[in-house]
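So the structure is just underneath, and the comments pick up after that.
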Amino acid sequence: MLLFLKSSSSQRNVIAFLIVCAIVVTSTTVGSAQEVQRVASLSKVQSSRAAASKQNKYTFIMFWKNQDEATKAMWSGLQQNLANKKETTTFAAVNTNDPAEAKLVEEYGVSRAPMPLTLAIAPNGAVTGSFVKKINADYIQQSFVSPAKARCMLTLQSRKMVLLCVSPDGKPASLQGVQNFKEIPCYKDVVEVVSVSATEPAESAFLKELEVPANNKNATVVFMAPPGVMVGMFNGNVTHKQLIAELQKAGKGCGVEGCKHCKE
């Protein structure tokens, strides 16, 4: 299973997030009364997922339609491989024909997907793995990602752009060009700024995956757009006009409505 798909061009390496099953995750802000009502309406598996999130655990959900050999094998594989990961994971099985879990099936858009299908869901709600018919220990291990990677994945799955700001020394990078871009009215609600330190051990594999230069003395900005477009990688002194120019080059591939012709 690949979480990133890499290809090269004469201009630059292109790194695209694999948006698992074309899932779109949306988030809303609700009041306390609405939150109580929402929690009360959660299905059994939705409640389990919510509880796991609060405990900083991953949730593995196996969707199935028929109790055939493939379904039995996948369920057995999940149980065996997660048996020693109870402190960090939880898992459940969902029959896509179960009316009680209809909202969950709709949420992940899996009603017509090949079955059985297991999704790995990070504590923040990002889908970090998708496995059809087969699953093994290596696939499961690849589903565990760093906090910054999970945040970037969730943002892209929410059809928003990501400006990943990598500081070289662990100090928060204050990048004027990024800030100016974020303040543009037609971009401010469709872009998320994610900050990470190049010295953070937990993020080293993610930064290597993105091919962020190692031992860079200056800040680096990685610009990504849905569904998985690498808009570009820049030095920390990049201006908002340069970011806009690169985004316009990406055209409709950026996945954000109107981004190509957004005016300052």
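The values are calculated or read from the model by the stated rules, or taken from the named source; none is laboratory data. Predicted, not measured: the structure shown is a model, and the values here were computed from it. Using ideal geometry, Cβ is built from the backbone for each residue, glycine included, and neighbour counts are taken over all protein chains shown.
Points to keep in mind about this one:
- Residue match in the stretch 215-230 (condition: free of Cβ contacts under 8 Å to residues at least 40 places away in the same chain and either basic (K, R) or in contact with a helix residue (DSSP H, G or I) (Cβ under 6 Å, 6 or more places away or on another chain) (or both)): no
Table: residues versus (1) closer than 26 Å to K86 by Cβ; (2) aromatic (F, W, Y); (3) at pLDDT 95 or above.
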| residue | (1), (2), (3) |
| --- | --- |
| L117 | yes, no, yes |
| V127 | yes, no, yes |
| S143 | yes, no, yes |
| K160 | no, no, no |
| L164 | no, no, yes |
| A173 | no, no, no |
| V178 | no, no, yes |
| C186 | no, no, no |
| D189 | no, no, no |
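- Total residues in the stretch 245-260, condition in a helix (DSSP H, G or I), surrounded by fewer than 19 Cβ atoms within 10 Å (Cβ to Cβ) and either more than 19 Å from the chain's Cα centre (by Cα) or at pLDDT 95 or above (or both): 7
- Pairing each residue of the stretch 34-51 that is over 24 Å from M62 (Cβ atoms) with any residue that is at pLDDT below 90, provided the two are 6+ apart or on different chains, yields C-beta distances under 8 Å for R38/V30.
- Restricting attention to the stretch 60-93, the residues being within 25 Å of the chain's Cα centre (by Cα) and of a type in the set (D, E, K, R) number 3.
- Counting the residues of the stretch 181-205 that are under 18 Å from F234 (Cβ atoms) and assigned to a helix (DSSP H, G or I) gives 2.
- Leading residue by the ranking (nearest to K149 (Cα to Cα)) among those in the stretch 178-189 that are touching a Cys at 6+ places or on another chain (Cβ under 7 Å) and crowded, with 20+ Cβ neighbours inside 10 Å: V178
- Among the numbered conditions (1) in a helix (DSSP H, G or I); (2) within 12 Å of the chain's Cα centre (by Cα), the only one that V145 does not meet is (1).
- The condition of being part of a helix (DSSP H, G or I), farther than 20 Å from G125 by Cβ and among the aromatic types (F, W, Y) does not hold for F223.
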